[in-house]
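One structure below.
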Amino acid sequence: MIGAATGAGLVQDNAGIFFYSQPPSPEQIIAAARGASTETQLESKHTRVTATWPDVTLVITIDPTWNRDLQLKGMRNWIGKFDAAFTDTPATKELLAHLDRTTTGYGSMITPAYDPEGKVAATLLRLVEPTGGFFFSHQSFYDSRGRRIIGLPGDPQQLGPRGRQTHENFMRPVRASQWPAGYRVFTTKFDVELRAERLSEVIGLRESSAFADYVTQFERAMAHWHAVAQPVATQFVNGVKAGNEGPDLGDTIACLLIDHSGSMRGQPSILAASLASIVADCWHKLGIRYEILGFTTQSWKGGRPRRLWLQAGRPANPGRLCELLHIVYRSADDTCPGAPDSIRNLMREDLLKENVDGEAVIWAAERLRKRPETRKLLVVVSDGAPVDDSTLSVNHGGILDRHLKEVVAALRHASDIRVGAIGLGYDVSRYYAEGIVISSPDDLTDCVLAFLAGLVKDPAGSASPRRNVS
């Protein structure tokens with residue numbers, strides 16, 4: 001998106017510019033491109049105006065053969081695919097009401113897409129704002145002031161240098177300094193951080209036929225937990241408090257980070273949802289603040305980043321080549337006790353895709369580091385090694401595996417966050433010094449709680465023996 005892309009590997013970007021009245025002339029475009037050197041080229045059917053700054057170039061194409069009716073029909077059809085919750089907003093209604101006022105559409109190309117000062121966005125806004133109109137870029141519509149109207153997650157809320165990506169809806173750009181040496185990311189532009197309550201924006205509302213059965217099994221596990229919860233939770237809390245050697249428990253923040261890979265479908269996802277609910281219930285009773293997070297990808301086979309990579313000529317070793325989806329089920333500032341109802345989304349088969357564990361651990365750790373609590377605890381739940389086919393097919397095979405090991409090693413060296421892991425039928429000791437393996441709901445009220453109690457009681461972070469529970 002104009003002036004908001006965050007990946008240096010993104011070569012070009014484009015935007016459609018639509019006007020409600022007389023469109024600007026080439027001379028007016030040149031006047032709007034402040035501080036740029038300009039050139040106008042007259043071709044057989046098109047006029048191209050090029051504005052060049054030291055670090056970015058904008059090319060606007062004026063095409064007199066532009067098919068207005070076909071373009072507007074396509075826009076209406078695209079907007080019609082959204083649920084009423086998104087189309088029944090004042091901004092979207094206004095866009096649809098004024099769509100027939102559209103007189104002309106110009107195309108634009110930005111090279112490179114990364115324009116941190118927003119010079120391109122400022123130029124385009126100067127062209128549209130005086131007479132009215134709107135923009136369309138990739139997956140979103142924007143009004144004449146650059147404000148997002150409707151679209152898919154991944155684009156910023158506002159065009160230009162102050163285009164913001166909110167903590168609830170979009171992933172904050174990950175600073176390159178956070179990645180260990182040698183790890184690369186082709187583009188973070190399409191990465192999304194989303195509240196679980198809004199997952200339908202990414203995966204829709206349709207549920208698989210198996211989902212109802214998974215929910216039934218989950219509810220049975222929860223019914224069993226609630227039948228024994230009081231004495232078990234009391235024993236857990238008393239045991240932790242009696243053995244606590246660190247800061248006051250009220251000065252503790254914990255995070256449960258759950259793998260949402262495709263291999264989690266079926267029984268592993270039921271087990272993970274049950275684990276999240278039980279752990280959250282016990283952390284709540286213990287009186288500590290806690291988060292529940294999840295990670296996967298928005299699509300199979302790399303999605304939009306891979307398409308951009310193909311358009312860029314398939315540069316060698318592009319680094320991570322997929323669009324991440326980071327999910328916030330519960331933030332540390334939420335007040336609801338236990339796990340929210342949205343944790344059931346974990347059992348939706350269409351949500352579970354690929355897993356880039358290293359960046360997910362960085363994301364969770366950075367959230368913890370921004371908290372004021374002294375003692376910080378991160379527990380990762382996973383059923384296997386990091387896998388993203390798009391990334392692995394065009395880089396050295398160990399890129400994700402090595403990255404996760406380096407990230408965990410860096411956290412252990414920093415020693416400000418205690419890290420543990422729970423493997424779902426999988427030995428997590430390959431990556432984590434402290435962990436256990438569980439395979440059924442029977443392990444939840446015994447082994448898991450004992451493991452968590454040990455992590456909380458020992459703030460020094462010395463490794464405890466790994467245990468496999470079969």
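A short reminder: the numbers here are calculations on the coordinates, not readings from a lab. Small disclaimer: the values here were computed from a predicted structure and weren't measured. Quick reminder, even Gly has a Cβ in these numbers, built from the backbone with ideal geometry, and neighbours come from all protein chains shown.
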> Can you give me the Cα centroid spacing of region 45-96 and region 324-372 in angstrom?
Replying inline: 34
> What is the calculated FRET efficiency for residue 88 to residue 200, with r their C-beta to C-beta distance and R₀ = 25 Å, to the nearest 0.05?
Replying inline: 0.95
> How are the C-alpha pair distances of region 13-164 spread across 5 Å bins, as whole percents from the shortest bin up?
Replying inline: 2, 9, 19, 23, 20, 15, 8, 3, 1, 0
> Given labels modelled 7 Å from the Cα in the Cβ direction, how far is it in nm from residue 446 to residue 77?
Replying inline: 6.0
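Starting from the Cα-Cα distance between residue 42 and residue 28, subtract it from 0.36 nm times their residue separation and give me the gain in nm to one decimal. Can you show the working numbers first?
Values: separation 14, 0.36 × 14 = 5.04 nm, distance 1.59 nm.
Gain in length upon complete extension: 3.5 nm.
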> If amide H atoms are built 1.01 Å from N in the plane of the peptide, which residues on other chains or at least 5 residues away come under 5 Å of the amide H of residue 330?
Replying inline: 292
>> Given R₀ = 45 Å, what would the calculated FRET efficiency be for residue 215 paired with residue 129, taking r from the Cβ atoms and rounding to 0.05?
In response: 0.35
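Which trypsin sites (Lys or Arg not before Pro) in region 39-75 pass both tests, a DSSP loop state and at most 15 other beta-carbon atoms within 10 Å? Before the final figure, lay out each step's value.
Working: sites: 45, 48, 68, 73; in loops: 45.
Listed in order of number, the matching sites are 45.
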> Residue by residue, what Karplus-based ³J(HN,Hα) values in Hz, rounded to whole numbers, does region 256-263 have, using 6.51, -1.76 and 1.60 with θ = phi - 60° and x for Gly and Pro?
Replying inline: 9, 10, 10, 5, 10, 6, x, 6
> Cα extents of region 259-305 along the three principal axes, largest first, in whole Å?
Replying inline: 42, 24, 8
> Along the charge dipole of the chain, Cβ charges K/R +1 and D/E -1, which of 435, 77, 410 sits furthest on the positive end?
Replying inline: 77
>> Give me P(r) over region 342-452, computed from all C-alpha to C-alpha distances, binned every 10 Å, as integer percentages.
In response: 12, 40, 38, 10, 0
> Once Lys and Arg get +1 and Asp and Glu get -1 on their Cβ, which of 38, 271, 284 lies farthest toward the positive end of the dipole of the chain?
Replying inline: 38
> Between the helical axis of 211-243 and the dominant principal axis of the chain, each derived from Cα atoms, what acute angle in degrees is found, rounded to the nearest 10?
Replying inline: 60
> Each residue of region 66-74 in order: what ³J(HN,Hα) in whole Hz does its phi give by Karplus 6.51 cos²θ - 1.76 cosθ + 1.60, θ = phi - 60°, with x for Gly and Pro?
Replying inline: 3, 8, 4, 4, 5, 5, 5, 4, x
> Residues with amide H under 5 Å of residue 103's amide H, sequence separation 5 or more or different chain, H placed in the peptide plane at 1.01 Å from N; which?
Replying inline: 19, 20, 21
>> From the phi angles alone, apply the Karplus equation (6.51, -1.76, 1.60; θ = phi - 60°) to region 423-434 and give each ³J(HN,Hα) in whole Hz, x where the residue is Gly or Pro.
In response: x, 8, x, 9, 7, 7, 5, 4, 10, 10, 6, 10
>> With angles folded into 0 to 90 degrees, how steeply does helix 119-128 sit against the dominant principal axis of the chain? Use alpha carbons for both and round to 10.
In response: 60
> Counting DSSP beta bridges in region 178-468, what percent are antiparallel, to the nearest 5?
Replying inline: 20
>> Given R₀ = 35 Å, what would the calculated FRET efficiency be for residue 14 paired with residue 429, taking r from the Cβ atoms and rounding to 0.05?
In response: 0.15
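Rank the residues 226, 413 as a footprinting-exposure proxy: fewest other Cβ atoms within 10 Å of their Cβ go first.
Values: 226 12, 413 8.
With the sparsest Cβ surroundings first, the list reads 413, 226.
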>> For residue 192, what residues show an amide H to amide H distance below 5 Å, using hydrogens built from the backbone and excluding near sequence neighbours?
In response: 171, 324, 325, 326
>> Taking 26 Å as the cut-off for C-alpha to C-alpha distance, list the pairs among 376/405; 73/353; 353/457; 370/405 that go past it.
In response: 73/353; 353/457
>> Between 0 and 90 degrees, rounded to the nearest ten: what's the tilt of helix 357-369 against the longest Cα principal axis of the chain?
In response: 80
